[in-house]
Amino acid sequence: MGNLDEGKHIHGHIIKLGMTNVLSLGNQLLHVYVKCKELVDACKVFDEMGVRNIVTWNTLICGLRYSTERFRRNGHLVFSYFKKMLMESVFPDCITFGGLLRLCVELNDGVWLVKELHCAIVKMGYDQSCFLGATLVDLYGKFGLVGESRCVLDGVLARDLVLWNVMVSCYVLNGLGEEAFWFFNLMRLEGVEGDEFTFASLLNSCATLGLYDSGRQIQGLVVKVCLNKDVVVESALVDMYAKNEHINDARKAFDVMSFRNVVSWTTIIVGYGRRGDGKEAIELLKRMLREDFVPDELTLASVLSSCGNLSMATETVQVHGYAAKCVFSNYSSVGNALINAYSKCGSIAHAYQSFSSIKTPDRFSWTSMIGAYASHGFSKEAIQLFEEMLPWSGKWQEIGCITSRQAVPWKLLEESTH
């Protein structure tokens, strides 16, 4: 806020001195308002500027892209400024296109907009930009258009490592493990050595697709290129072993790490949690806290899930206390895990208390609590909560497959809604 107050103070002086048409000052003011997310003031400064250049337009367009939820939801406002920019014969550059492309992920017609911008990029001769190439590859990949991603990469003649890495990640994201490894080999044939991000992506692919043998091969390459001490790669290696159900190898990889971060700790704790080994997950959480690392909501949710599987009531209460202290109990992931843990420990009252504390209950919050009531024979409460849920979801079929397996006959719930 101090920077904003100072910026407004300077803005007042600029007006008094009659310097509002000085381009460099206008750009700086615009930057201050955008940085402080004062979008109304930013747009006002922009509209009042008598002279604008590419920096002015980029500041506003990229600023709106990274600002409040209200403007993110109204992304077409940014494109209206882009059209205005073209009408004033100001030609966009790589920064302009980069900001606009990133916005497309959040829009309903994002794929169409990406393709339109891609055409404009080619027409304006920016198709050889590795920065824009990587952005396009990434976006097409997120939309599931792997073929388009590959076409973009093939069109860039002088590719940098970032562009190669994004293409590998694109294959991994779309579950194309074999293609990711084939492409990695192509990289090496063209004399491009991977970095920590390349190997982390490949290890993530091995973890997700169950490619244990390939993961071991990547580990050998990691040692060969001296990246076996990199925390990103080591954490990915732990995850690969854990998801391939080699928890002892995962633990060995974790124990030899020279440096750990929250991701490393969360990965091994989640690994034990997935196996239902609540005792070891709890011990690792305690050790994590002793070493002054702060667990995140994923860590706590995993530990709570393990506690529930083993009906560890005391440990559930202890983790709940820590989560409440760190305000994590309001998160839906932690709240949902608490509901299930307390339910499995037989404490339905604490389960409901956890449900009530969730700031924004999601579908799983409702289904978990309804299922908890049902499994403990609280038919009336289950039906009542189901009726409360209807305005939120509108579709009881979404939860039927879960609750119908519990003690309450689902037909009773269905009939109660008519």
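The values are calculated or read from the model by the stated rules, or taken from the named source; none is laboratory data. A quick note: this is a predicted structure, and the numbers were derived from the prediction, not measured. Using ideal geometry, Cβ is built from the backbone for each residue, glycine included, and neighbour counts are taken over all protein chains shown.
General observations
- Test: residue in the stretch 107-115 that is farther than 23 Å from ASN3 by Cβ, modelled with pLDDT under 85 and crowded, with 17+ Cβ neighbours inside 10 Å: yes
- Qualifying residue in the stretch 38-47 (condition: more than 25 Å from MET87 (Cβ to Cβ) and surrounded by 14 or more Cβ atoms within 10 Å (Cβ to Cβ)): yes
- Remark: ILE370 matches the filter, which requires a residue to be buried (at least 22 other Cβ atoms within 10 Å of the Cβ), over 24 Å from GLU283 (Cβ atoms) and in contact (Cβ under 8 Å) with a residue 24 or more places away in the chain.
- Meets criteria (under 21 Å from the mean Cα position of the chain (by Cα) and outside any loop (DSSP other than H, G, I, E, B)) for THR314: no
- Some residue of the stretch 260-274 being of a type outside the set (S, T, N, Q), surrounded by fewer than 16 Cβ atoms within 10 Å (Cβ to Cβ) and assigned to a loop (DSSP other than H, G, I, E, B): no
- The stretch 197-215, subset closer than 19 Å to VAL225 by Cα and touching a Cys at 6+ places or on another chain (Cβ under 8 Å), residue surrounded by the most Cβ atoms within 10 Å (Cβ to Cβ): GLY215
- Among the residues listed as ILE370, ILE402, the single one being at pLDDT below 50, within 27 Å of HIS320 (Cα to Cα) and part of a helix (DSSP H, G or I): ILE402
- ASN228, sole failed condition from (1) outside any helix (DSSP H, G or I); (2) at pLDDT 95 or above: (2)
- Of residues in the stretch 328-341 being within 18 Å of THR266 (Cα to Cα) and part of a loop (DSSP other than H, G, I, E, B), the one farthest from the chain's Cα centre (by Cα): SER329
- Some residue of the stretch 147-157 being among the β-branched types (Val, Ile, Thr), surrounded by 20 or more Cβ atoms within 10 Å (Cβ to Cβ) and free of Cβ contacts under 8 Å to residues at least 60 places away in the same chain: yes
- Some residue of the stretch 165-183 being over 20 Å from the mean Cα position of the chain (by Cα), within 20 Å of CYS130 (Cα to Cα), of a type in the set (Phe, Trp, Tyr) and in a helix (DSSP H, G or I): yes
- Of all residues in the stretch 325-349, those that are more than 19 Å from MET312 (Cβ to Cβ) have Cβ atoms under 8 Å from Cβ atoms of residues that are of a type in the set (Lys, Arg) and at pLDDT below 90, 6 or more apart or on another chain, in ASN330/LYS359; TYR331/LYS359; SER332/LYS359.
- Residue count for the stretch 275-311 satisfying the condition of being closer than 29 Å to ASN228 by Cβ, surrounded by fewer than 17 Cβ atoms within 10 Å (Cβ to Cβ) and within 26 Å of the chain's Cα centre (by Cα): 4.
- Output for the stretch 27-63, where each listed residue is of a type outside the set (Val, Ile, Thr) and under 13 Å from GLY99 (Cβ atoms): TRP57, ASN58, LEU60, CYS62, GLY63
- Candidate set: the stretch 50-78, residues that are among the hydrophobic types (A, V, I, L, M, F, W, C) and at pLDDT 85 or above; chosen: the one nearest to the chain's Cα centre (by Cα): ILE61
- Residue in the stretch 15-37 that is modelled with the lowest pLDDT, counting only those that are surrounded by fewer than 16 Cβ atoms within 10 Å (Cβ to Cβ), part of a helix (DSSP H, G or I) and hydrophobic (A, V, I, L, M, F, W, C): ILE15
- Scan of the stretch 322-346 for residues that are more than 14 Å from ASN309 (Cα to Cα) and small (Gly, Ala, Ser), ordered by number: ALA323, ALA324, SER329, SER332, SER333, GLY335
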